[in-house]
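Undergrad: Here's a structure for you.
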Amino acid sequence: MSALDMNNLQNSFQQALNVSPGAVSTSPTQSFMNTIPKRLENFNSNQKALKPFSTGDIKILLLENVNQTAIDIFKNQGYQVDFYKSSLPEAELAEKIKDVHAIGIRSKTQLTEKILQQAKNLVVVGCFCIGTNQVDLAAAARLGIAVFNSPFSNSRSVAELVIAEIIILARQVGDRSIELHTGTWNKVSAKCWEVRGKTLGIIGYGHIGAQLSVLAESMGLHVIYYDIVTIMSLGTAKQVSTLDELLNNSDFVTLHVPETPETKNILSAPQFAAMKHGAYVINASRGTVVDIPALIQAMKVGKVAGAALDVYPQEPAKNGSGAFSNELNKWTSELVSLPNVLLTPHIGGSTEEAQSSIGIEVSTALSKYINEGNSTGSVNFPEVSLRALKLDQENTVRVLYIHKNVPGVLKTVNNILSDHNIEKQFSDSNGEIAYLMADISSVNQDDIKLIYDQLNETTEKIRIRLLY
Ligand SMILES: NC(=O)c1ccc[n+]([C@@H]2O[C@H](COP(=O)([O-])OP(=O)(O)OC[C@H]3O[C@@H](n4cnc5c(N)ncnc54)[C@H](O)[C@@H]3O)[C@@H](O)[C@H]2O)c1
Ligand SMILES: O=C(O)CC[C@@H](O)C(=O)O
């Protein structure tokens, strides 16, 4: 197809884009055509650089100080990048997200259904972290918005922090350091312990729990773990069948579970009562999993001898003095007054290594989804991908059709596509939605307009994207 044809097609689809914003990504504009030589350096010689339209049209909003590696990768794709070091207040987020095609967040930004419904052009969300509880995944799927995260790039960082905290709590290093910073020399060994031979209880034996298990055993700790699924143990770690069994037998209890309705206050007064006297509690998962007022009470009576917290029910939107206060969590001043309490500002995954690999991993996944429709690794979409189109496949269009997962859709869609030459096709479903990807060859400008118009009339469509 000539560049002139592309332009004509672009213009006609631009009207479509205006009529149903976000319903279609159209052919590349002339600006895209001019950038093909540059883009080809990213692809092997005969792979076609698939773009929804001129990448200069793609707008990406990055919040919460997403790593520079991601900014570089998106800019290298030619996308427009709008970057903020912090999360945004809801009203400002609603304004900024209105016309972007992709948004990158970390753990603070809440992408509710209400916010997502206002993002008319949004096709993809990147959680530059592990947790995805901050996104209404089901609502995103219903709106045809794919969500990607980084499933384990910061697991090691969290595990190393927890190992450090086990020792710091057992030796009361935090208090000794604070005392010495203020001139007090307090050389004591009372209630200070080696960790070798002690028992670490891990609640949630996933990526982080397992990493921690190996590190803990190398320090001479015995490891037991509780999980809602049966998981093969590493080393000599043992899975226990109830949470109570873990609590009764652990000297250190650490939480590595996601934020779910079931994990809310998984440690509260009854659980603290079930613990060994003088046990230690570590939480680097989500702030909602520990009932902190109950923890404070357990510490006041000596049942819990120390605690390390990296996450909190409410956390500041950005760095700054005075940000962590009773206004945010009413028990703050009580918590900070307790001895042997180690508080960190959600830095479990905050290492150069973790943030750099997360930036690369998630930005690459988003770029592949925007440019090729590849949803492999998505946390809320069917995982669909097709091999890349080749440069010599110039009259081929890639159809991306996200639809309600109801019977009869594939028949309708294939009736539309089978009037043309379907070179390859793949579809899969996941809960309420399904995703079909098809490469249609030997098409001209009229064919593509017809395919779009016919698909756009189907009642089950959620979102259509056409890529060249
Ligand atoms: N502090 C930080 O900076 C930081 C960094 C990374 C992850 N996190 C948090 O840690 C959590 C865990 O991370 P991960 O990568 O190990 O996740 P993961 O999904 O690999 O592992 C979570 C484990 O918890 C188990 N689980 C779920 N519900 C449970 C329950 N009710 N009781 C017991 N076990 C349960 C799961 O079966 C799974 O094995 C993430 O969801 C995230 O919220 C925090
Ligand atoms: O980097 C963050 O803000 C979140 C880190 C962590 O909680 C995660 O979910 O990976």
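Undergrad: From Glu352, Glu361, Glu315, Glu327, which residue is loosely packed, with under 15 Cβ neighbours inside 10 Å and within 15 Å of ligand 1 (Cβ to nearest atom)? Full working, then the answer.
TA: Values: Glu361 fails: loosely packed, with under 15 Cβ neighbours inside 10 Å; Glu315 fails: loosely packed, with under 15 Cβ neighbours inside 10 Å; Glu327 fails: within 15 Å of ligand 1 (Cβ to nearest atom).
The match here is Glu352.
Undergrad: Sticking with this structure for a sec: So, in the stretch 157-187, of the ones that are among the polar types (S, T, N, Q) and within 38 Å of the chain's Cα centre (by Cα), which residue ends up nearest to ligand 2 (Cβ to nearest atom)? First the steps, then the outcome.
TA: Restricting attention to the stretch 157-187, the residues satisfying the condition of being among the polar types (S, T, N, Q) are 157, 172, 177, 182, 184, 186.
Within this subset, residues satisfying the condition of being within 38 Å of the chain's Cα centre (by Cα) are 157, 172, 177.
On the way: Ser157: 9, Gln172: 27, Ser177: 25 Å.
Result: Ser157.
Undergrad: Residue check: is Ile97 at negative phi and either under 16 Å from the mean Cα position of the chain (by Cα) or in the same structural domain as Cys192 (by TED's automatic domain parsing) (or both)? Break it down into steps so the answer makes sense when it comes.
TA: Details: at negative phi: yes; either under 16 Å from the mean Cα position of the chain (by Cα) or in the same structural domain as Cys192 (by TED's automatic domain parsing) (or both): no.
Spelling it out, it is not the case that Ile97 is at negative phi and either under 16 Å from the mean Cα position of the chain (by Cα) or in the same structural domain as Cys192 (by TED's automatic domain parsing) (or both).
Undergrad: Of the residues that make up the stretch 371-380, is at least one assigned to a helix (DSSP H, G or I) and closer than 22 Å to Leu143 by Cβ? Write out each step before concluding.
TA: In the first step, residues of the stretch 371-380 are kept if they are assigned to a helix (DSSP H, G or I); the result is 371-372.
Add one more test, that the residue is closer than 22 Å to Leu143 by Cβ, and what stays is 371-372.
Yes - at least one qualifying residue is present in the stretch 371-380.
Undergrad: Quick one: Ile208 ticks every box in (1) over 28 Å from Ala365 (Cβ atoms); (2) within 15 Å of ligand 1 (Cβ to nearest atom) bar one, so which box is it?
TA: With (1) over 28 Å from Ala365 (Cβ atoms); (2) within 15 Å of ligand 1 (Cβ to nearest atom) applied to Ile208, the lone miss is (1).
Undergrad: Give the residue, chosen from Ser429, Ser357, Ser378, that is within 30 Å of Gly287 (Cβ to Cβ), outside the structural domain of Ile103 (by TED's automatic domain parsing) and modelled with pLDDT of 95 or more. Steps first, answer last, please.
TA: Values: Ser429 fails: within 30 Å of Gly287 (Cβ to Cβ); Ser357 fails: outside the structural domain of Ile103 (by TED's automatic domain parsing).
Among Ser429, Ser357, Ser378, only Ser378 is within 30 Å of Gly287 (Cβ to Cβ), outside the structural domain of Ile103 (by TED's automatic domain parsing) and modelled with pLDDT of 95 or more.
Undergrad: Take the residues in the stretch 210-222 that are of a type outside the set (A, V, I, L, M) and not in a helix (DSSP H, G or I), then tell me which one is surrounded by the most Cβ atoms within 10 Å (Cβ to Cβ).
TA: If we filter the stretch 210-222 for residues that are of a type outside the set (A, V, I, L, M), which is where we start, we get 211, 213, 217-218, 220, 222.
Cutting the leftovers down to not in a helix (DSSP H, G or I) gives us 220, 222.
Values: Gly220: 11, His222: 18.
Result: His222.
Undergrad: Can you confirm whether Ala190 is surrounded by fewer than 18 Cβ atoms within 10 Å (Cβ to Cβ), over 23 Å from the mean Cα position of the chain (by Cα) and assigned to a loop (DSSP other than H, G, I, E, B)? Spell out the reasoning first.
TA: Numbers: surrounded by fewer than 18 Cβ atoms within 10 Å (Cβ to Cβ): yes; over 23 Å from the mean Cα position of the chain (by Cα): yes; assigned to a loop (DSSP other than H, G, I, E, B): yes.
Yes.
Undergrad: Of all residues in the stretch 268-291, which are within 11 Å of ligand 1 (Cβ to nearest atom) and under 22 Å from Leu221 (Cβ atoms)? Give the derivation first.
TA: If we filter the stretch 268-291 for residues that are within 11 Å of ligand 1 (Cβ to nearest atom), which is where we start, we get 282-289.
Answer for the stretch 268-291, where residues must be within 11 Å of ligand 1 (Cβ to nearest atom) and under 22 Å from Leu221 (Cβ atoms): Ile282, Asn283, Ala284, Ser285, Val289.
Undergrad: Taking the stated definitions as given, is Leu247 out of contact with any Ser or Thr (no Cβ under 6 Å at 6 or more places or on another chain), closer than 26 Å to Asn65 by Cβ and of a type in the set (A, V, I, L, M, F, W, C)? Spell out the reasoning first.
TA: Working: out of contact with any Ser or Thr (no Cβ under 6 Å at 6 or more places or on another chain): yes; closer than 26 Å to Asn65 by Cβ: no; of a type in the set (A, V, I, L, M, F, W, C): yes.
No; evaluated as a whole, the condition is false for this residue.
Undergrad: Would you confirm whether or not the stretch 247-254 contains a residue that is surrounded by fewer than 21 Cβ atoms within 10 Å (Cβ to Cβ), assigned to a loop (DSSP other than H, G, I, E, B) and at pLDDT 95 or above? Working first, answer last.
TA: The first filter runs over the stretch 247-254 and keeps only residues surrounded by fewer than 21 Cβ atoms within 10 Å (Cβ to Cβ), leaving 248-249.
Subset that is assigned to a loop (DSSP other than H, G, I, E, B): none.
Within the stretch 247-254, not a single residue is surrounded by fewer than 21 Cβ atoms within 10 Å (Cβ to Cβ), assigned to a loop (DSSP other than H, G, I, E, B) and at pLDDT 95 or above.
Undergrad: Evaluate the following for Ile145: is it within 16 Å of ligand 2 (Cβ to nearest atom), modelled with pLDDT of 95 or more and of a type outside the set (S, T, N, Q)? Please lay out each step first, then the result.
TA: Working: within 16 Å of ligand 2 (Cβ to nearest atom): no; modelled with pLDDT of 95 or more: yes; of a type outside the set (S, T, N, Q): yes.
Answer is no for this residue.
Undergrad: Test Gln297 against the criterion of being under 20 Å from Thr260 (Cα atoms) and surrounded by fewer than 18 Cβ atoms within 10 Å (Cβ to Cβ), and give yes or no. Before the answer, list the steps.
TA: Details: under 20 Å from Thr260 (Cα atoms): no; surrounded by fewer than 18 Cβ atoms within 10 Å (Cβ to Cβ): yes.
Spelling it out, it is not the case that Gln297 is under 20 Å from Thr260 (Cα atoms) and surrounded by fewer than 18 Cβ atoms within 10 Å (Cβ to Cβ).
Undergrad: Quick check on this structure: which one of His207, His181 is touching a His at 6+ places or on another chain (Cβ under 9 Å), surrounded by fewer than 20 Cβ atoms within 10 Å (Cβ to Cβ) and at pLDDT 95 or above?
TA: His207
Undergrad: Return a yes/no flag: does the stretch 428-436 have any residue that is buried (at least 21 other Cβ atoms within 10 Å of the Cβ), outside any strand (DSSP E or B) and out of contact with any His (no Cβ under 6 Å at 6 or more places or on another chain).
TA: Checked the stretch 428-436: no residue is buried (at least 21 other Cβ atoms within 10 Å of the Cβ), outside any strand (DSSP E or B) and out of contact with any His (no Cβ under 6 Å at 6 or more places or on another chain).
The values are calculated or read from the model by the stated rules, or taken from the named source; none is laboratory data. Being a predicted model, the structure only gives us computed values, none of them experimental. A quick note on method: Cβ atoms are made from the backbone with ideal geometry, for glycine too, and the neighbour counts reach across all protein chains shown.
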